[in-house]
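Please read the structure below before turning to the comments.
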Amino acid sequence: MHYLDLTLPTTAENLALDAALLDEAESADSPMETLRVWESPRPAVIIGRSSVAANEVELDACRREGVEVMRRDSGGAAVVIGPGCLMYALVISHQRTPGLRQVDAAHCLVLRHLAAALRPLVPDAQCNGTSDVVVGDRKISGNSVRIKRSHFLYHGTLLYDFPLERIGRLLKMPPRMPEYRAGRAHGQFVANLPLTAEQLGAALRRAWKAEQERVDWPRERVAQLVAERYTDARWKLLG
């Protein structure tokens, strides 16, 4: 698997790069797998592909704080990102890892790997709910997936030094909650890992054997997606 450590200047470009890596793999003649890590230089709220922003996001608070609300290309509920929240994206080949065309199967495989990668550093890291990794009963990682013909995109968050109170200010209680949450507010539900971004990146690389550094990336496709989708008000208002 290739490894790409790259944060682009804007939220739109960073979301577009995850999608462009999947598109690139889909058009390749052979399996093309990549692990990417990045970290947004500014706060942003990212909603799922079919989310209704007003149902999940405190839009007035986002406007007051100058926090942009963007829509990603995968499912799931809204998340808040920014400095102190490491983002990762995996593009995985169905040919190399068969049996993952169902969303639940993709969640299960990737989250098992992610929890196992964290456990040498945080012994009680484990999977919980549909798409979470937790330490104890506190969520430290939320994830989502987009499955296509020959590859799928799996991406998510890893909280390590994030101002957790920001989540409660910018997000409403989600419309769907895992049972283990037990109705807890955001501040009582999420937690930071006692790790650095460097430790997290190294753990991800070990877990996925991402040994070959990438220097190239699909620049033209990123620019196209930004123009046609991620900065288009109609895309943002979908759902």
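Nothing in this text is a laboratory measurement; each read-out follows from the coordinates by a stated rule. The model shown is predicted, which means the values in this text are computed figures rather than measured ones. Note that we place each Cβ from the backbone using ideal geometry, even for glycine, and neighbour counts take in every protein chain shown.
Note on mean projected area of the Cα convex hull in nm²: of the candidates (i) 24.1; (ii) 13.2; (iii) 11.9, the value calculated from this structure sits at (iii). The relative contact order of segment 1-155 comes to 25 percent, based on Cα pairs under 8 Å that sit 6 or more residues apart.
Using a Gaussian network model of the chain in which every pair of alpha carbons under 10 angstrom is joined by a spring, one finds that among 99, 82, 187 the greatest mean-square fluctuation is at 99.
Here is the list for segment 165-239: trypsin sites (Lys or Arg not before Pro) lying in DSSP coil, each with at most 13 other C-beta atoms within 10 angstrom of its C-beta, are 176, 209.
In segment 152-239, what GluC sites (Glu not before Pro) fall in a loop by DSSP, with at most 15 other Cβ atoms inside 10 Å?
Values: sites: 165, 179, 198, 211, 213, 220, 228; in loops: 211.
Listed in order of number, the matching sites are 211.
Only helices enter the 222 nm calculation for the chain: every DSSP H run of n ≥ 4 contributes -39,500 (n - 2.57), and dividing by all residues gives -9000 deg cm²/dmol, rounded to 500.
Cross-link partners for residue 172 among the lysines, with Cα-Cα distance under 24 Å and sequence neighbours closer than 8 places in the same chain left out: 139, 236.
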